[in-house]
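Read the figures in this text as sums done on the coordinates, not as results from a lab. Predicted model, so just to flag it, every value in this text is computed and none were measured. No Cβ is skipped: glycine too gets one built from the backbone with ideal geometry, and neighbour counts run over all protein chains shown.
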């Protein structure tokens, strides 16, 4: 790890299936985030081994067993893979601070983010606030307002300073996620992110809510933002619903209308993921695909459903 204290620190987690997306995130930080250091929790051995072969210069790979504590292990069997990933999330910043006490702050990133501009444009607003934790709203378009029930805030870009007030927020979040973290709506909860809904009231002195929601773009708001402003200029784009469905094909978005004028965002990402896939293949690392519906829907029916959405402009795909 670089000894440069000015490097911006980020942390993420992914498995061997999401490896190409995680590498795209890393490459976008190389282009827009220097100096930086990315801490990566490898969720399976295949991912950890692949990362060791790729040898990313500005990254530290953490095997899952290094992160897990007794509390996490006690709930692992009762959570799905996705639910356990959500349960892990609030423990990631604390692990980084425990490994590198000189780190001033760390930002959790979803692995399917991709930077188009420097993350400093968002972090600088946070630093000017003088607070200890940064959270960002989903900023759903009006046509997706029903999704607020899953959380006003999105656990996609969350920054914690290495301070006791920030640690206090982290401990509260960790405790809640150990108690309950499931992919269902129940008693005002959903996964790890619905817990953030009351943070501005629960932790008013600690939490800053990012104001630049026009720069945190995703399938749920990109078409709306481009309608009202004429164009979008994302600091990052969240490639939610993008799925690697085979070793040579990705579904770019699914169930969302993105709009032709915003296709350039996906074109940039396809170029990046093709470069990453070529690099992986050159090292003998497989690109792992999974069925769009997780194998729960037959191939013919899934294809029919996808074509209907594609013709309606609510899905797209690309070869890699």
Check: How would you rank 114-124, 146-156, highest first, on the average number of other Cβ atoms within 10 Å across their residues?
Finding: 114-124, 146-156
Note to self: Relative contact order of the chain, please, whole-number percent, based on alpha carbon pairs below 8 angstrom and at least 6 residues apart.
What the structure shows: 18 percent
Notebook entry, point to check: How far, in nm, would the chain grow between residue 164 and residue 128 when pulled straight, counting 0.36 nm per residue and subtracting the alpha carbon separation?
Noted result: 11.1 nm
Checklist line | Exposure proxy ranking, count of Cβ atoms within 10 Å, fewest first, for 280, 255 | finding: 255, 280
Item checked: Overall form of the chain per C-alpha gyration tensor (a/c, 1.5; a/b vs b/c) -> rounded
Check: Which ordering of 202, 161, 27 is given by a fewest-first count of other beta-carbon atoms within 10 Å?
Finding: 202, 27, 161
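Indicate the gyration tensor shape class of the range 1-156 (rounded, prolate or oblate), computed on the Cα atoms with a ≥ b ≥ c the square roots of the eigenvalues: a/c under 1.5 is rounded; otherwise a/b larger than b/c is prolate and the rest oblate.
In terms of gyration-tensor shape, rounded.
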Next item on the list: May I ask you to sort 250, 11 by Cβ crowding, counting other Cβ atoms within 10 Å and putting the fewest first?
Entry: 11, 250
Notebook entry, point to check: How far apart, in nm, are two points set 7 Å out from the Cα along the Cα-to-Cβ line at residue 175 and at residue 213?
Noted result: 3.0 nm
Check: Mind listing the Cα extents of the range 134-279 along all three principal axes, in Å, largest one first?
Finding: 43, 37, 32
Notebook entry, point to check: Could you give the radius of gyration (one decimal) and Dmax (whole number) of the Cα atoms in the range 230-320, in Å?
Noted result: 14.1, 44
Checklist line | Nitroxide proxy distance, nm - points 7 Å out along Cα→Cβ at residue 34 and residue 227 | finding: 4.0 nm
